[in-house]
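What follows is a single structure, written as structure tokens, with notes after it.
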Amino acid sequence: MKIRSIHFILSLLLISLSCNKPQENTPPNIILINIDDMGWKDTGFQGSQFYETPNIDKIADQGFIFTNGYAAASNCAPSRACLMTGLWTSRHGVYTVSPSARGKSEHRKLIPTKNTKTLPEEFITLPEILNQNGYSTCHAGKWHLSDDPLTRGFDKNIGGGHNGHPKSYYPPYKNVDLEAENGEYLTDLIMTQTIAFVRSAKQPFFLNYAPYAVHTPIHPVDSLKAKYEEKAPWNGQQNVDYATMVDNLDRNIGRLIKTLNELNFSENTLIIFTSDNGGLWGITDQQPLRAGKGSYYEGGIRVPFFFYWPEKIPSKTATDIPITNLDILPTILEAAGIKYDQKLDGESLWSAFTGDTTLQNRPLFWHFPIYLEAYRKNNLQNRDTLFRTRPGSVVRSGDWKLHHYFEDNGIELYNLKADISESQNLASQKPEKINELIKILNSWRDNVNAPIPDQLNPDYKE
């Protein structure tokens with residue numbers, strides 16, 4: 001995606017003339033849209049020519065897009081824990097969806113670090129901070145971090161619990177505590193109740209809209225199938241049932257935007273759109289990115305990401321500054337004018353909105369001292385066919401990305417600017433770059449007390 005530089009400069013001039021910082025005395029409503037398993041290329045604004053997302057695309061076009069946007073982890077629970085706390089996985093200990101020893105024991109060389117399934121109460125969450133500062137708060141959809149989001153800062157809960165996905169998108173939803181009145185598809189019902197909250201909420205409000213879609217099970221919206229059955233596949237995207245789920249999700253977001261416009265809320269509402277991890281390989285495809293959900297190649301962690309707030313954030317703008325969902329919490333706090341003195345690992349993005357490129361070369365890290373088995377044996381594009389993730393760490397600094405694996409001390413090095421597909425491992429050609437990045441990575445791991453498993457598994461068979 002090209003940087004729309006001329007419009008970007010004009011937008012910056014207009015903002016600087018009015019207010020290039022959020023107003024502390026007029027805190028905005030905040031809507032955080034965190035889609036489940038939506039890949040980097042699963043929307044029109046990111047280039048998909050198979051999935052149709054006109055409502056999402058329209059907001060993105062009027063907003064500020066980060067083309068190098070990342071989740072802080074490659075699967076659901078740790079990514080959401082990072083987003084809600086602004087802290088690296090090694091701080092809160094949520095590394096995966098429990099347990100951490102997934103896959104056959106005979107294939108695991110190391111004893112993985114024990115996983116934390118429930119986010120410990122000692123960690124303050126974004127809704128708790130906002131609620132303590134005058135915001136009414138609502139969670140809608142997937143929570144996945146504890147049994148009840150009402151105990152973690154939310155005033156209202158629409159269908160959230162510890163479950164990672166619904167057993168059915170059609171009623172009865174079974175493990176989602178919602179009652180369908182008219183046989184509604186789950187995301188339709190969640191949006192209907194979400195809109196009711198928006199219409200009645202005391203302002204300012206915070207809405208954590210985290211629909212279970214487009215996570216499995218892949219339950220199609222039958223009324224939309226014909227449209228996609230007639231479309232030609234595009235870059236590996238061809239799953240009709242999944243396409244109807246993306247389409248339905250977009251239509252529901254359109255319902256939310258229409259409600260904001262009707263209530264005249266749009267001008268003072270900050271909207272953030274992202275996904276909790278990359279798309280599920282075999283269901284969708286993120287070409288040219290490698291692999292998918294559960295992997296720490298780009299297809300598993302790079303996600304669609306934009307911010308929208310009229311007159312406060314530049315519109316029709318895109319940047320290649322790398323960010324992660326750790327940055328959402330501090331960015332929201334600055335938008336709301338909330339002072340917070342606890343240590344955060346993310347950075348506020350307001351400098352990027354005003355043209356500052358300071359964050360361009362900030363190193364980003366991922367740490368996963370666990371195993372995550374493969375669910376398909378063929379063409380997964382991972383390091384091996386048995387696991388999506390083996391214990392290791394990743395650092396991205398500038399255009400360079402280094403993978404370090406603990407079982408064999410393996411190193412992979414990629415220049416993402418030249419090789420976004422991570423197809424050319426330059427480790428043997430760039431020893432100086434490896435030394436530079438390993439030094440950065442080791443310093444970070446020491447600073448955050450990142451556990452590195454080193455105990456051998458007695459069941460392992462070479």
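The values are calculated or read from the model by the stated rules, or taken from the named source; none is laboratory data. Quick caveat: nothing in here was measured; it's all calculated off a predicted structure. Note that we place each Cβ from the backbone using ideal geometry, even for glycine, and neighbour counts take in every protein chain shown.
Reported count of residues in segment 365-408, each being of a type in the set (F, W, Y), assigned to a loop (DSSP other than H, G, I, E, B) and within 17 Å of G282 (Cβ to Cβ), is 1. Within segment 233-268, if we keep just the residues that are among the hydroxyl-bearing types (S, T, Y) and surrounded by fewer than 23 Cβ atoms within 10 Å (Cβ to Cβ), the residue that is farthest from T324 (Cα to Cα) turns out to be T259. What are the residue pairs meeting all of these: first residue in segment 288-310, first residue closer than 16 Å to A73 by Cα, second residue at pLDDT below 95 and in a loop (DSSP other than H, G, I, E, B), Cβ atoms under 6 Å, and 6 or more apart or on different chains? Listed pairs, sorted by first residue: R290/Q381; A291/Q381; A291/N382; S295/N382. If you check P310, P314 for being over 27 Å from I438 (Cβ atoms), in contact with a helix residue (DSSP H, G or I) (Cβ under 7 Å, 6 or more places away or on another chain), crowded, with 21+ Cβ neighbours inside 10 Å and not hydrophobic (A, V, I, L, M, F, W, C), only one passes: P314. Taken over segment 80-99, residues that are surrounded by fewer than 22 Cβ atoms within 10 Å (Cβ to Cβ), in contact (Cβ under 8 Å) with a residue 60 or more places away in the chain and under 21 Å from D37 (Cα atoms) amount to 1. Scanning segment 113-167 for residues that are among the aliphatic types (A, V, I, L, M), assigned to a loop (DSSP other than H, G, I, E, B) and either without any contact (Cβ under 8 Å) to a residue 12 or more places away in the chain or surrounded by fewer than 21 Cβ atoms within 10 Å (Cβ to Cβ) (or both) yields a single hit, I124. Restricting segment 348-366 to residues that are touching a helix residue (DSSP H, G or I) at 6+ places or on another chain (Cβ under 8 Å) and under 17 Å from A73 (Cα atoms), the residue that is surrounded by the most Cβ atoms within 10 Å (Cβ to Cβ) is W366.
L437 meets the stated requirement of being surrounded by 15 or more Cβ atoms within 10 Å (Cβ to Cβ), outside any loop (DSSP other than H, G, I, E, B), touching a strand residue (DSSP E or B) at 6+ places or on another chain (Cβ under 7 Å) and not β-branched (V, I, T).
Residues checked against (1) at pLDDT 95 or above; (2) within 30 Å of K343 (Cα to Cα):
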site: S423; (1), (2): yes, no
site: L426; (1), (2): yes, no
site: L437; (1), (2): yes, yes
site: L441; (1), (2): yes, yes
site: R445; (1), (2): yes, yes
site: N449; (1), (2): yes, yes
site: Q455; (1), (2): yes, no
site: P458; (1), (2): yes, no
site: E462; (1), (2): no, no
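The set of residues in segment 168-208 that are exposed (fewer than 15 other Cβ atoms within 10 Å of the Cβ) and of a type in the set (D, E) comprises D177, E179, E181.
Of all the listed residues (P369, P391), the sole one being crowded, with 21+ Cβ neighbours inside 10 Å, over 25 Å from D42 (Cα atoms), in contact with an Asp or Glu (Cβ under 9 Å, 6 or more places away or on another chain) and outside the structural domain of I283 (by TED's automatic domain parsing) is P391.
Going by the structure shown, is Y228 at pLDDT 95 or above, surrounded by 14 or more Cβ atoms within 10 Å (Cβ to Cβ) and within 24 Å of H144 (Cβ to Cβ)? Taking the combined requirement at face value, the residue does not satisfy it. Looking across segment 97-127 at every residue that is among the β-branched types (V, I, T) and modelled with pLDDT of 95 or more, the one that is nearest to the chain's Cα centre (by Cα) is identified as T125.
Remark: N248 falls outside the filter, which requires a residue to be in contact (Cβ under 8 Å) with a residue 60 or more places away in the chain, assigned to a loop (DSSP other than H, G, I, E, B) and assigned by TED's automatic domain parsing to the domain that holds T125.
In segment 226-243, the residues that are at positive phi form no Cβ pair under 8 Å with any partner that is modelled with pLDDT under 95, whether six or more places apart or across chains. Regarding S443, is this residue free of Cβ contacts under 8 Å to residues at least 60 places away in the same chain, surrounded by fewer than 19 Cβ atoms within 10 Å (Cβ to Cβ), outside any helix (DSSP H, G or I) and hydroxyl-bearing (S, T, Y)? Spelling it out, it is not the case that S443 is free of Cβ contacts under 8 Å to residues at least 60 places away in the same chain, surrounded by fewer than 19 Cβ atoms within 10 Å (Cβ to Cβ), outside any helix (DSSP H, G or I) and hydroxyl-bearing (S, T, Y).
When segment 335-387 is examined, which residues are found to be touching a strand residue (DSSP E or B) at 6+ places or on another chain (Cβ under 8 Å) and β-branched (V, I, T)? Hit for segment 335-387 is I370, nothing else.
Among (1) modelled with pLDDT under 95; (2) within 20 Å of the chain's Cα centre (by Cα); (3) in the same structural domain as W281 (by TED's automatic domain parsing), there is one condition D341 misses while meeting the rest; what is its number? Unmet for D341, out of (1) modelled with pLDDT under 95; (2) within 20 Å of the chain's Cα centre (by Cα); (3) in the same structural domain as W281 (by TED's automatic domain parsing): (2).
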